[in-house]
Amino acid sequence: MNPGPLVGHSVNTGIVVRNIAEKVFWPVREYIGKKKSEIVRYSKTVLLKDGRACIIRNGTERDAQGVWDNFVLTHGETEFLTTYPEEVTFTLEQEEAYLKKKEESNRDAELLAEVSGKVVGTAGICGINASEKTRHRASFGISIAKAWWGLGIGRALTEACIECAREAGYLQLELEVVADNRKATELYKSVGFIEYGRNPKGFRSRNSGWQENVLMRLELQPEEGKNVCPELYFKGEKNSV
Ligand SMILES: CC(C)(COP(=O)(O)OP(=O)(O)OC[C@H]1O[C@@H](n2cnc3c(N)ncnc32)[C@H](O)[C@@H]1OP(=O)(O)O)[C@@H](O)C(=O)NCCC(=O)NCCS
């Protein structure tokens, strides 16, 4: 999906988040050293349902503390995420390095939602595998602090990630969601994800026991003339569809 700048209510999705500023820069072609790369970049300000402004942008190493705090908080607030907060093993330095790597990547992106300078949610895309047969596929994940649910941040982050995935050249975005996670499944369906299978024993929760996971995928239409997969994978080879 490449919704482009959203002004007012989007007819495509019924989105109620409104864009109050055109994208600051999207896409941006940048150069790392002498290596020409297309870096996955995103920045956009949206107006939340309560009237507050929220910035959706790439996380940078300077956001490490905020992203780390959001990870620990959100993973303790819901049974719908893969890990428990005490399973976090990475340090702040590792988080910085992780965000820096993502920031410079042309195949992965870690986006965050920021309100009044605070990180209140994150979402990301990550290439599944760089091998020739699977390099068209990326996975998607999202977590927003509970206090900020229902304001439109989930939709804004999801749409931003879809846009990044398309821009990076992926042809399919994939996710797994707990079947009982109605908010998330409704959100995913509304942006075009379809179910392609179920894993009845996807999660084994401390509190709820077995949780069934729904496998969903979204096919992405590449931009005209665009390489279908990240340049990095193809080492410059043109592979338009
Ligand atoms: C799931 C999650 C990302 C949704 O984010 P959010 O900011 O609350 O969602 P939004 O306010 O943008 O709402 C987006 C859509 O979700 C759906 N939704 C939201 N609340 C809902 C509810 N109570 N019931 C049903 N659908 C709901 C609607 O389709 C809504 O679209 P609409 O407002 O245009 O009608 C968020 O609740 C979250 O991070 N939960 C915990 C972590 C998690 O479950 N991550 C997903 C793992 S797969």
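The values are calculated or read from the model by the stated rules, or taken from the named source; none is laboratory data. Every value quoted in this text rests on a predicted model; they were computed, and no experiment measured them. Glycine also receives a Cβ, built like all others from the backbone with ideal geometry; neighbour counts cover every protein chain displayed.
What single numbered condition from (1) crowded, with 24+ Cβ neighbours inside 10 Å; (2) in contact with a helix residue (DSSP H, G or I) (Cβ under 7 Å, 6 or more places away or on another chain); (3) not aromatic (Phe, Trp, Tyr) fails to hold for residue 146?
Among (1) crowded, with 24+ Cβ neighbours inside 10 Å; (2) in contact with a helix residue (DSSP H, G or I) (Cβ under 7 Å, 6 or more places away or on another chain); (3) not aromatic (Phe, Trp, Tyr), the lone unmet condition for residue 146 is (1).
So which pairs qualify, if the first residue must be in the stretch 77-101 and more than 21 Å from residue 58 (Cβ to Cβ), the second must be hydroxyl-bearing (Ser, Thr, Tyr) and within 16 Å of the ligand (Cβ to nearest atom), the Cβ gap must be under 7 Å, and the two must be at least 6 apart or on different chains?
79/205; 79/208; 81/74; 81/143
Residue by residue, here is whether (1) away from the ligand (no atom under 15 Å from the Cβ); (2) in a strand (DSSP E or B) holds:
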site: 147; (1), (2): no, no
site: 155; (1), (2): no, no
site: 162; (1), (2): no, no
site: 170; (1), (2): yes, no
site: 173; (1), (2): no, yes
site: 186; (1), (2): no, no
site: 189; (1), (2): no, no
site: 200; (1), (2): yes, yes
site: 213; (1), (2): no, yes
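List pairs: first residue in the stretch 142-168 and closer than 13 Å to residue 108 by Cα, second residue of a type in the set (S, T, N, Q) and more than 6 Å from the ligand (Cβ to nearest atom) anywhere in the structure, Cβ distance under 8 angstrom, at least six positions apart or on different chains.
Correct list of pairs: 162/2; 163/2; 166/2; 166/221; 167/2; 168/106.
Pairs under 7 Å by beta carbon, first residue within 16 Å of residue 109 (Cα to Cα) in the stretch 46-61, partner of a type in the set (D, E, K, R) and surrounded by fewer than 18 Cβ atoms within 10 Å (Cβ to Cβ), six or more apart or different chains?
61/100
Looking only at the stretch 116-145, which residues are within 13 Å of the ligand (Cβ to nearest atom) and in a loop (DSSP other than H, G, I, E, B)?
145 - this is the single residue of the stretch 116-145 that is within 13 Å of the ligand (Cβ to nearest atom) and in a loop (DSSP other than H, G, I, E, B).
Report, by residue number, each residue of the stretch 100-115 that is in a strand (DSSP E or B) and of a type in the set (Asp, Glu).
Step one: list which residues in the stretch 100-115 are in a strand (DSSP E or B), which gives 109-115.
Those that are in a strand (DSSP E or B) and of a type in the set (Asp, Glu): 110, 114.
If you take the residues of the stretch 118-142 that are among the β-branched types (Val, Ile, Thr) and touching a strand residue (DSSP E or B) at 6+ places or on another chain (Cβ under 7 Å), which of them is modelled with the lowest pLDDT?
It comes out as 128.
Residue 188 fails exactly one of the following numbered conditions: (1) at pLDDT below 90; (2) surrounded by 14 or more Cβ atoms within 10 Å (Cβ to Cβ); (3) among the hydroxyl-bearing types (Ser, Thr, Tyr). What is the number of that condition?
Among (1) at pLDDT below 90; (2) surrounded by 14 or more Cβ atoms within 10 Å (Cβ to Cβ); (3) among the hydroxyl-bearing types (Ser, Thr, Tyr), residue 188 violates only (1).
Considering every residue within the stretch 75-93, establish whether at least one is more than 30 Å from residue 209 (Cα to Cα) and crowded, with 18+ Cβ neighbours inside 10 Å.
No; the residues of the stretch 75-93 include none that is more than 30 Å from residue 209 (Cα to Cα) and crowded, with 18+ Cβ neighbours inside 10 Å.
Please go through the stretch 97-115 and pick out each residue that is within 16 Å of the ligand (Cβ to nearest atom) and of a type in the set (A, V, I, L, M).
Let us first name the residues in the stretch 97-115 that are within 16 Å of the ligand (Cβ to nearest atom), namely 110-115.
Matches in the stretch 97-115: 111, 112, 113, 115.
Suppose we filter 208, 240 for residues that are at pLDDT below 95, touching a Gly at 6+ places or on another chain (Cβ under 8 Å) and surrounded by fewer than 16 Cβ atoms within 10 Å (Cβ to Cβ); which single one remains?
Selected residue: 240, the only one of 208, 240 that is at pLDDT below 95, touching a Gly at 6+ places or on another chain (Cβ under 8 Å) and surrounded by fewer than 16 Cβ atoms within 10 Å (Cβ to Cβ).
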